[in-house]
Amino acid sequence: MKKLLNLLLLFVGFASFSQKQLPNISLSDIDGKKMSVTTDFMEKDKIYIFSFWATWCTPCISELDEMNDVQEEWKKTLPIEIVAVATDDSRTQKRIKPLVNGKGWDYKVLLDSNQELKRALGIVNIPYTVVVKNGAIVHIQNGYVPGNENDLLAKLKTL
């Protein structure tokens, strides 16, 4: 039954996705600097990996830990940048910076506090990963289990 429910959620997540590009939305980074997801992450031929997460989401943290471990190796062969988009609300937002600093994540961290970007992309469940190249969304990965980073790397190599 649990597998059927997960499959149904995955299908709903993909079926509701209709965006082909990131919406023009500005978010603050972890230091309070405003950044536009469309103009500040538009370097030609660079691959941006937007990982939507929250401090209370254990699979999200596992995924970001794993990506942190492999990102330097990936950067040797691919022009990538990982952007962690925190979807915590006002109750849990104060946990973001201490968690990021404690984990030593070497990512740009954006705060989607009112979940505007999450809603605009039709994201239902996190962890949710959106891969963008030249302004176009080229891959989506919903959920995380150990080893998913290998599937993501294989996809990135085809871009």
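The values are calculated or read from the model by the stated rules, or taken from the named source; none is laboratory data. Everything quoted here is computed from the prediction, not taken from an experiment. Positions of Cβ are generated from backbone atoms using ideal geometry, with glycine treated the same way; all protein chains shown enter the neighbour counts. The area values use the complete protein model at the heavy-atom level, side chains included, leaving out ligands, DNA and RNA. Shrake-Rupley method; radii C 1.70, N 1.55, O 1.52, S 1.80 Å.
Every condition in (1) under 25 Å from LYS20 (Cβ atoms); (2) surrounded by 14 or more Cβ atoms within 10 Å (Cβ to Cβ); (3) basic (Lys, Arg) is met by ARG95 except one, and the failing one is (1). Restricting the first member to the stretch 104-128 and to residues that are over 16 Å from ASP31 (Cβ atoms) and basic (Lys, Arg), and the second to residues that are assigned to a loop (DSSP other than H, G, I, E, B) and open to solvent by less than 30 Å² (accessible area, probe 1.4 Å), the beta-carbon pairs closer than 6 Å and six or more apart or on different chains are LYS118/THR87; LYS118/ASP112. Go through (1) out of contact with any Pro (no Cβ under 8 Å at 6 or more places or on another chain); (2) open to solvent by 30 Å² or more (accessible area, probe 1.4 Å); (3) not basic (Lys, Arg) one by one and return the number of the condition GLU66 breaks. Condition not satisfied by GLU66: (1). The set of residues in the stretch 123-141 that are outside any strand (DSSP E or B) and open to solvent by less than 20 Å² (accessible area, probe 1.4 Å) comprises ILE123, PRO127, GLY135.
One residue alone among ILE61, ILE47 is β-branched (Val, Ile, Thr) and either more than 15 Å from the chain's Cα centre (by Cα) or over 17 Å from ASP88 (Cβ atoms) (or both), and that residue is ILE47. TYR144 falls short on exactly one of the conditions (1) at pLDDT 95 or above; (2) buried (at least 21 other Cβ atoms within 10 Å of the Cβ), and that condition is (1). Just name the residue that is farthest from GLN21 (Cα to Cα) out of those in the stretch 121-159 that are within 14 Å of the chain's Cα centre (by Cα) and of a type in the set (Gly, Ala, Ser). Here the answer is GLY143. Residues that are β-branched (Val, Ile, Thr), assigned to a loop (DSSP other than H, G, I, E, B) and buried (at least 17 other Cβ atoms within 10 Å of the Cβ) within the stretch 31-63 comprise VAL37, THR55, listed in sequence order. For SER113, indicate whether it is assigned to a loop (DSSP other than H, G, I, E, B) and under 15 Å from VAL37 (Cα atoms). Spelling it out, SER113 is indeed assigned to a loop (DSSP other than H, G, I, E, B) and under 15 Å from VAL37 (Cα atoms).
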